[in-house]
Amino acid sequence: MKILHIPCLEDNYSYMIIDESSKEAAVVDPVEPHKVFRVAQENGVDLKLVLTTHHHWDHAGGNDKLKQLVPEIKVYGGSTDNVQGCTDKVENGDKISLGANINILSLHTPCHTKGHISYYVTDKEGDEPAVFTGDTLFIAGCGKFFEGTAEQMYQSLCVTLASLPKPTRVYCGHEYTVKNLQFALTVEPDNAKIEQKLSWAQHKRKDGLPTVPSTIEEELETNPFMRVDNPEVQGKVGWKSAVEAMREIRQRKDNWKG
């Protein structure tokens, strides 16, 4: 399994997932379809699937155009998310295959949008799994609660995604990592792992490189929104429950001027 980053717009990422034995590919959130089509041609792959994480234009807005470029392509999206150009609606637990070796599991991760889907991707070659989290889980952050509640984001991050194998690679929808880690230090100023990752991320960005992927393990160590079960984190934000801590940290982030 090969995964290519495709930077789009100002700070978005699309991703191409390639089954190298069959040269079949899926693309996650192809907001710049001509760019995606060119990457497919350069890599000699056959675009078979679009995996749309959610309905916002900067993720789903290229679907119709890509269908014009590749008329037989299938476009997957959450069953309750009204995704542009969707041909195949998915729900939690639905499985999709790509080529001979790649399996894709749909995980319903609502809150940012009510039908948001994260795609958990495994292959038979023994590569580490990957999860494409759109705007639910960012590196060291999470999406705004546009269509959901703190309870839903807690379930999406701390139950659904946190239960994936720790080495799972996390590919998110935007390059927000440096700002997210700077904010994370305001919640946990003594967390050395956050400081180390911030320094690493700043170097990456200075060199014009992506900070993606992370891993589920790193997120559990450095992402305040995935650390709300930790009594120390709850104490730092003045609450005694994980969901209340989630709500409080999101409100602080929304108002943060960093």
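On the protein heavy atoms, probe 1.4 angstrom, tell me the percent of accessible surface of the chain carried by carbon and sulfur. Ligands and nucleic acids excluded, carbon and sulfur reach 48 percent. Only the Cβ atoms of Lys and Arg (+1) and of Asp and Glu (-1) were treated as charged; on that basis the dipole of the chain about its Cα centre amounts to roughly 420 debye.
Note down the Stokes-Einstein diffusion coefficient of the chain in µm²/s, whole number, using a Kirkwood radius over alpha carbon pairs, 20 °C, and 1.002 mPa s. Write down the numbers at each step before the final one.
Numbers: Rh = 18.4 Å.
It diffuses with D of about 117 µm²/s by this estimate.
Helices in the chain, meaning DSSP H runs of at least 4 residues, each add -39500 (n - 2.57). Divided by all residues, the mean residue ellipticity at 222 nm is -8500 deg cm²/dmol.
Kindly rank 133-146, 114-127, 37-50 from highest to lowest mean number of other beta carbons found within 10 Å of each residue.
Details: 133-146: 25.2, 114-127: 20.3, 37-50: 17.6.
Order by mean packing, descending: 133-146, 114-127, 37-50.
Largest accessible area first, the residues 203, 174 order themselves as 203, 174 under a 1.4 Å probe with ligands, DNA and RNA left out.
Angle of helix 177-187 to the longest C-alpha principal axis of the chain, folded into 0 to 90 degrees and rounded to 10: 20°. Structure shown: which of 48/204; 95/124; 236/257; 114/193; 23/95 lie over 22 Å apart, alpha-carbon to alpha-carbon? Flagged as over cut-off: 48/204; 114/193.
The Cα-based radius of gyration of the range 182-231, divided by its Kirkwood radius, gives an Rg/Rh of 0.99.
The residues of the chain present an accessible area of 43 Å² per residue when probed at 1.4 Å with all protein chains retained. Rounded to the nearest 0.05, the FRET efficiency derived from the C-beta distance between residue 241 and residue 206 at R0 = 35 Å is 0.35.
Can you check what the net charge comes to around residue 129, using other residues whose Cβ is under 9 Å from the Cβ of residue 129 (Lys, Arg +1; Asp, Glu -1)?
On the way: positive: 169; negative: 123, 127, 128.
My count for the surroundings of residue 129 gives -2.
How far, in degrees from 0 to 90, does helix 192-206 lean away from the longest principal axis of the Cα atoms of the chain, to the nearest 10? Approximately 40 degrees, to the nearest 10.
Per-residue 3J(HN,Hα) values for the range 6-16, derived from phi via the Karplus relation 6.51 cos²θ - 1.76 cosθ + 1.60 with θ = phi - 60°, read 10, x, 9, 6, 7, 9, 7, 10, 9, 9, 10 Hz in sequence order (x marks Gly and Pro). For the chain, the longest principal axis of the alpha carbon atoms and the long axis of helix 242-255 meet at an angle near 80°.
The values are calculated or read from the model by the stated rules, or taken from the named source; none is laboratory data. If you're wondering where the values come from, they're calculated on a predicted model, not measured in any experiment. So basically every Cβ, Gly included, is an ideal-geometry build from the backbone, and we count neighbours across all protein chains shown. When the accessible area is computed, the model is the full protein with side chains, heavy atoms only, and any ligands, DNA or RNA have been set aside. Shrake-Rupley method; radii C 1.70, N 1.55, O 1.52, S 1.80 Å.
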